[in-house]
Number of protein chains: 2
Amino acid sequence: MNPPAGSRPRAAGRGGRPAVLSRERIVAAAVEILDAEGLEALTMRRLGTRLDVAAMSLYRHLPNRDALLTALVGHLFAEAVAEPVPAVPWTEALRLFALAYRRTLLAHPDAVPLLATHPVDVDTGLTLLAGLLERFAASGVARQDALTAVQSVGVYVLGHALAQVGRPPGTRPAAPVADPAVAAFYDEWFEAGLLAMVTGFERRLTA
Amino acid sequence: MNPPAGSRPRAAGRGGRPAVLSRERIVAAAVEILDAEGLEALTMRRLGTRLDVAAMSLYRHLPNRDALLTALVGHLFAEAVAEPVPAVPWTEALRLFALAYRRTLLAHPDAVPLLATHPVDVDTGLTLLAGLLERFAASGVARQDALTAVQSVGVYVLGHALAQVGRPPGTRPAAPVADPAVAAFYDEWFEAGLLAMVTGFERRLTA
DNA sequence: CTAGTTTGTGTACGACGTAAGCTTACCTTG
DNA sequence: CAAGGTAAGCTTACGTCGTACACAAACTAG
């Protein structure tokens, strides 16, 4: 999926010093730091060190730290909904979306507050969700109603993940909630809320 | 509700310099700064200035900034669910909770990311929601099911508010979304998701 | 070789959270 | 009233953060 290590992203423009950095490389390194050490460790200097580069060099590719976080959010959201949507009824597709989104969020617990704070660009989001929206269209559900259902579920998944990964203060290790009983509790709660919402929409949107 | 301005919170202990500060006064000032100038402006120095006090004085009442934010969250959540719960069926009480919670969140848009990041202490939260939970009990709904429903709705409300107040970068004024068409869009979306969830739970929890 | 262009670097500034020790203003005891 | 105790607020200082600005390096085109 990546070019062989050692190759360099060739700029489109003509001359100039060859770039050792790129937006993607920066974002990927940011995700690694985030997963390994948490949000507080994700500073420009630390990220520079990780990439063997001065902190200021990052600003050639991103206008500021907030843009980095936004890019990171987009990256993770794309990862979450990357799988193609199978040809199933929209209720099932909606469930699959919720599960995949949640799986990604829980795989990157320290990113969840970022998803909450830096909303995914709406146009980008809708493009990524085109496959899902098509399942609604295939059943004759109006686009507006489909958007409402998808957004509502998305918002529920994010909110639920926030509740699950939220720790009192800055408890770092951010234990992956090794305790299986706790995990089961959240799983069941998640399922119940999701089921309620999906069946609620199903009743409303099917004639 | 407040003692006449000028009175000072008398400490319980014996001697000592009279306190001009108190946790409540600090939290109240923090809310004012947050509403007027946003989260970024809510620094310890700025808060000190607002209270005519050195920044370090705040640390006599709070261990660190994060504790301030947590206290602020608790304050707002309590404000949100302060109203007594009327003797209505749980489906209606659940709707009322959702509306009141959302109203508070939208009244303090810059606090929404904080609510997302600093979870309300669960025991405190359940105490504040006792009236609501009692409506479920009155209909014979098991406590566990009631908790699931309430938490699910709470999570949905918060997630929805995040989506509504979330701005691209650090767009400050944080316009109260003066545009009524935009507000109506979010209102309708909110209602649709809430209705789906409540009716979904209703079908499951009523024999 | 020279000029042009892009990328990475070094230095520096202002703001932040907050640790440590000092001062102030009250109460109690004599 | 004087002396001591004690809690609240203040001053100073440190380390870290994001990032502005001017410069050096590494390439391509002529």
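The values are calculated or read from the model by the stated rules, or taken from the named source; none is laboratory data. Please read these numbers as outputs of a predicted model, since none were measured by experiment. Counting neighbours? That spans all protein chains shown, and the Cβs are built from the backbone with ideal geometry, glycine included.
Filter segment A:102-157 down to the residues that are under 22 Å from residue A:202 (Cβ atoms) and among the small types (Gly, Ala, Ser) and list them by number.
A:130, A:131, A:137, A:138, A:139, A:140, A:142, A:146, A:149, A:152, A:154
Pick out the one residue from A:163, A:93 that is closer than 28 Å to residue B:110 by Cβ and buried (at least 21 other Cβ atoms within 10 Å of the Cβ).
A:163
Quick check on segment B:151-174. Is at least one of its residues at pLDDT 95 or above, of a type in the set (Gly, Ala, Ser) and farther than 22 Å from residue A:162 by Cβ?
No, every residue in segment B:151-174 fails to be at pLDDT 95 or above, of a type in the set (Gly, Ala, Ser) and farther than 22 Å from residue A:162 by Cβ.
Only one of A:138, A:184, A:192 is within 14 Å of chain B (Cβ to nearest Cβ) and loosely packed, with under 15 Cβ neighbours inside 10 Å. Can you tell me which? I'd like the intermediate steps shown before the answer.
On the way: A:138 fails: within 14 Å of chain B (Cβ to nearest Cβ); A:192 fails: loosely packed, with under 15 Cβ neighbours inside 10 Å.
Just one listed residue meets the conditions, A:184.
Yes or no, residue by residue, for (1) touching a residue at least 24 places away in the same chain (Cβ under 8 Å); (2) surrounded by 13 or more Cβ atoms within 10 Å (Cβ to Cβ); (3) closer than 30 Å to residue A:132 by Cβ; (4) within 11 Å of DNA strand D (Cβ to nearest atom):
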{"position": "A:17", "(1), (2), (3), (4)": "no, no, no, yes"}
{"position": "A:23", "(1), (2), (3), (4)": "yes, yes, yes, no"}
{"position": "A:53", "(1), (2), (3), (4)": "yes, yes, no, no"}
{"position": "A:76", "(1), (2), (3), (4)": "yes, yes, yes, no"}
{"position": "A:79", "(1), (2), (3), (4)": "yes, yes, yes, no"}
{"position": "A:88", "(1), (2), (3), (4)": "yes, yes, yes, no"}
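Considering segment B:65-106 alone, what residues qualify as being within 13 Å of DNA strand C (Cβ to nearest atom) and among the charged types (D, E, K, R)?
Answer for segment B:65-106, where residues must be within 13 Å of DNA strand C (Cβ to nearest atom) and among the charged types (D, E, K, R): B:65, B:66.
Taking only segment A:3-39 into account, find how many residues are at pLDDT below 95 and within 20 Å of residue A:104 (Cβ to Cβ).
Adding up the residues that qualify gives 0.
Take segment A:20-64 and flag every residue that is within 12 Å of DNA strand C (Cβ to nearest atom), part of a helix (DSSP H, G or I) and within 14 Å of chain B (Cβ to nearest Cβ).
A:40
Residue B:151 - would you say it is without any contact (Cβ under 8 Å) to a residue 24 or more places away in the chain, surrounded by fewer than 19 Cβ atoms within 10 Å (Cβ to Cβ) and under 23 Å from residue A:197 (Cα atoms)?
Values: without any contact (Cβ under 8 Å) to a residue 24 or more places away in the chain: yes; surrounded by fewer than 19 Cβ atoms within 10 Å (Cβ to Cβ): no; under 23 Å from residue A:197 (Cα atoms): yes.
No.
May I ask you to list the residues in segment B:96-135 that are more than 14 Å from chain A (Cβ to nearest Cβ), buried (at least 17 other Cβ atoms within 10 Å of the Cβ) and of a type in the set (D, E, K, R)?
Scanning segment B:96-135 gives a single hit, B:135.
Tally the residues that are of a type in the set (S, T, N, Q) and under 30 Å from residue A:68 (Cα atoms), restricting the search to segment A:115-144.
So in segment A:115-144, the residues of a type in the set (S, T, N, Q) come out as A:117, A:124, A:127, A:139, A:144.
Keeping just the survivors that are under 30 Å from residue A:68 (Cα atoms) gives A:117, A:124, A:127.
The total comes to 3.
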